[in-house]
Amino acid sequence: MSRRKSFLRELAPTSHWLFGPLRDNIGVYGQTVLAASIVNFLGLVSSFFIMTVYDRVLPNQAVESLIALTIGVLIAHVFDLALKSLRGYFVDIAGQRLDATVGARVFDNLMAMRLDARRGATGATAGLIKEFDNLRDFFSSATLVAVVDLPFIFLFIGAIALVGGPLALVPLMGVLAALAAGLLIQPFIMRHARDAMNEGHLKHAVLIETLAGLETVKSVAAASLMRERWRRGVLRQARISTIGRFVNQAAVNFAGFAQQISQVGVVVIGVFLVGDGQITTGALIASVILTGRAMAPLAQVAGLLGRMSGALASYRALDRLMATRLETDPRREYLRRDRLAGRIEFREVSFVYPGAKARALDEISFVIEPGERVAVLGRNGSGKSTIVRLITGVYEPNEGSVLVDDTDIRQIRPADLRANVGAVLQDVCLFSGSIRENIALGLDNISDEDVLAAAKIAGVHDFVGASEAGYDQTLAERGEGLSGGQRQAIALARALAPKPSILLLDEPTSALDAQAEAHLVARLERATRGRTLLLVTHRTSLLRLVDRVIVLDQGRVVIDGARDEIVRSMAAAKAARAAPAPTEPRPIGAALAGERIRAVK
Ligand code: ATP
Ligand code: MG
């Protein structure tokens, strides 16, 4: 019980994915704010130093006071230097922590995302993960500190009011104008940030798709098409971000302009106030310096607002990703099934691929008993692979239910399901790493003997045993460096290695030559005994492995019966067809489907 609880907690962190870790960082941010505040107070020191020197030291040539004041102001500046450096360091630490917690969580979420929730291209999803870097930079950049400086603008203006009286109105108006300008353009910058992000994702998608299919792109001379897509993506993104950056820079420049104008204004009005005797010359100079100081953060804040739009767009995109439905619903009580007997049942199962219109499976029902060996036949697109996918649980049926050992697979803990179901999918996918690693993928405690045994059955040993590097031979990305048949053999070894009670093989010999296939069938016959076997195939030679045949047509079961009977009727159908006119050979499933439909009517 406690084990399951901790497992659930691990998967379902209760706090928000971003704000939770940010809250945990509050101590670090608190220190930053404190450091920034002290830096701001120290900023007052210089201007009071100059004012005192002008008004008191200069008229009396009080050198002793000057020395004392200088020592004081130097100490203040050393402090200032230290605190500023620390401030940057604190923010960096916060960023590091965010990386560790949020970054890991975003990736976990991506892994746990249901395939049917993963809409859109792989490249676009990868681009989305890049958005995290953007967000992280925002929360760990020194510019974030500018926010802390914002309230101190008013402290400085207060100080100006103290020494220069009505002079304070000038910087106050300047600050308000700069802030208003910065806020006014926000909606515009926001829209651009969003567009630029989306364009960036599209660009990324082209890149990933091209790289993933580089061999095909080159062999069919699709390079010019891909280059054109890439060029268009780059141009669009460049145009959009140029506009965004221009507007943002304009806001930054306007803040600088407001600062300059305010200082000029203070000087001009100050001259009259000094003439009237309302303030001293020292006060005027201090006011000018304080005005510069007060308005310095404005340019930074204007820049920050621009970056905030980008960060906000990233946050929204990531938040959508983090809110997608996960495979493991933390609120659900999963059943632990360490060992499954291997009974498979489809109950009125219908399935439509996300975004597709037609049903890939249409109210399918059948039962496969533990240890039963069944072939699924049917023409291309009849739904055979879809059945395999539903049993592995990567997709959920839209209607009806898929049961393993009389339990809906949605209730079985995904990890347990995967440990008991070995699958060779139609599209074999290997990963970079050694051959052994590829066979033992996802199996932490597997022994070398088990890997070797599986490799021998699958025929991996035939080509690996002879080579020098053996099982340590490293594969490049997606198993490049091996032939199609060799890749398929490794995928089969991977499915066999954990000795699963259910074995799903989707055309496991499609890339094998006739001899290799014959050897494999002989070995599989022994290895699959006692396990539930669901075999999808177009090859008659593989039917030796099974006792029963299910034929699909357009997502429906059209024949379900003993193998021998069906093979007999298949031969009869062939003979009948051969008599009138020679027709082109049809796959066995299609031939059978036609036969059955006639028989039913
Ligand atoms: P084949 O013998 O060619 O492997 P199959 O019987 O395995 O065919 P499935 O892959 O199960 O066929 O596909 C069944 C139907 O679902 C097909 O009409 C196909 O177009 C559709 N389909 C398959 N995969 C997807 C997908 N990822 N998204 C949308 N539609 C899909
Ligand atoms: Mg298929």
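Worth a mention:
- Residue under evaluation GLY555, criteria (1) more than 16 Å from ligand 1 (Cβ to nearest atom); (2) more than 27 Å from ASP450 (Cα to Cα), criterion not met: (1)
- Listed by position, the helices (runs of 4 or more DSSP H) inside the stretch 120-229 whose residues that are touching a helix residue (DSSP H, G or I) at 6+ places or on another chain (Cβ under 6 Å) number at least 2 are 122-140, 145-164, 169-184, 186-212.
- The criterion of at least 3 residues that are touching a residue at least 60 places away in the same chain (Cβ under 8 Å) is met, among helices (runs of 4 or more DSSP H) falling completely within the stretch 414-482, by 414-420, 448-458.
- Residue selected from the stretch 109-122 under the condition within 11 Å of the chain's Cα centre (by Cα) and closer than 24 Å to LYS203 by Cβ, by the criterion modelled with the lowest pLDDT: ARG118
- Positions within the stretch 351-380 being within 11 Å of ligand 1 (Cβ to nearest atom) and in a strand (DSSP E or B), in sequence order: PHE351, LEU361, ASP362, VAL376, LEU377, GLY378
- The set of residues from the stretch 336-355 being open to solvent by 50 Å² or more (accessible area, probe 1.4 Å) and within 16 Å of ligand 2 (Cβ to nearest atom) comprises just one member, TYR353.
- Residue match in the stretch 307-327 (condition: open to solvent by 70 Å² or more (accessible area, probe 1.4 Å) and within 16 Å of ligand 2 (Cβ to nearest atom)): no
- Candidate set: the stretch 419-433, residues that are in contact with a Leu (Cβ under 7 Å, 6 or more places away or on another chain) and among the small types (Gly, Ala, Ser); chosen: the one farthest from ligand 1 (Cβ to nearest atom): GLY433
- Inside the stretch 490-511, residues that are open to solvent by 20 Å² or more (accessible area, probe 1.4 Å) and more than 16 Å from ligand 1 (Cβ to nearest atom) make up a count of 3.
- Residue within the stretch 450-458 that is touching a Pro at 6+ places or on another chain (Cβ under 6 Å) and open to solvent by 40 Å² or more (accessible area, probe 1.4 Å) present: no
- Test result for ASP416, charged (D, E, K, R), away from ligand 1 (no atom under 16 Å from the Cβ) and open to solvent by 50 Å² or more (accessible area, probe 1.4 Å): no
- Criterion applied to VAL53, VAL106 was being open to solvent by less than 50 Å² (accessible area, probe 1.4 Å), modelled with pLDDT under 85 and among the aliphatic types (A, V, I, L, M), and the one residue passing it is VAL106.
- Within the stretch 515-541, the set of residues being of a type in the set (A, V, I, L, M, F, W, C) and modelled with pLDDT under 90 comprises ALA516, ALA527.
- Test for VAL63: is it touching a helix residue (DSSP H, G or I) at 6+ places or on another chain (Cβ under 9 Å), among the β-branched types (Val, Ile, Thr) and open to solvent by 70 Å² or more (accessible area, probe 1.4 Å): yes
- Within the stretch 419-438, the residues that satisfy the criterion of being open to solvent by 20 Å² or more (accessible area, probe 1.4 Å) and away from ligand 2 (no atom under 16 Å from the Cβ) are ALA419, PHE431, SER432, ARG436, GLU437.
- Single residue of the stretch 512-534 satisfying the filter (touching a Leu at 6+ places or on another chain (Cβ under 7 Å) and part of a loop (DSSP other than H, G, I, E, B)) that is most open to solvent (accessible area, probe 1.4 Å): ARG531
- Only one entry in LEU312, LEU340 is in a helix (DSSP H, G or I) and either touching a residue at least 40 places away in the same chain (Cβ under 8 Å) or touching an Asp or Glu at 6+ places or on another chain (Cβ under 9 Å) (or both), namely LEU312.
- Residues (small (Gly, Ala, Ser) and within 12 Å of LEU504 (Cβ to Cβ)) located in the stretch 376-427: SER385, GLY393, GLY422, ALA423
The values are calculated or read from the model by the stated rules, or taken from the named source; none is laboratory data. What you are looking at is a predicted structure, and each value in this text was computed from that prediction instead of being measured. Because the Cβ atoms are built from the backbone with ideal geometry, glycine has one as well, and the counts that use them run over all protein chains shown. Side chains included, ligands, DNA and RNA excluded: accessible areas come from the protein's heavy atoms. Shrake-Rupley method; radii C 1.70, N 1.55, O 1.52, S 1.80 Å.
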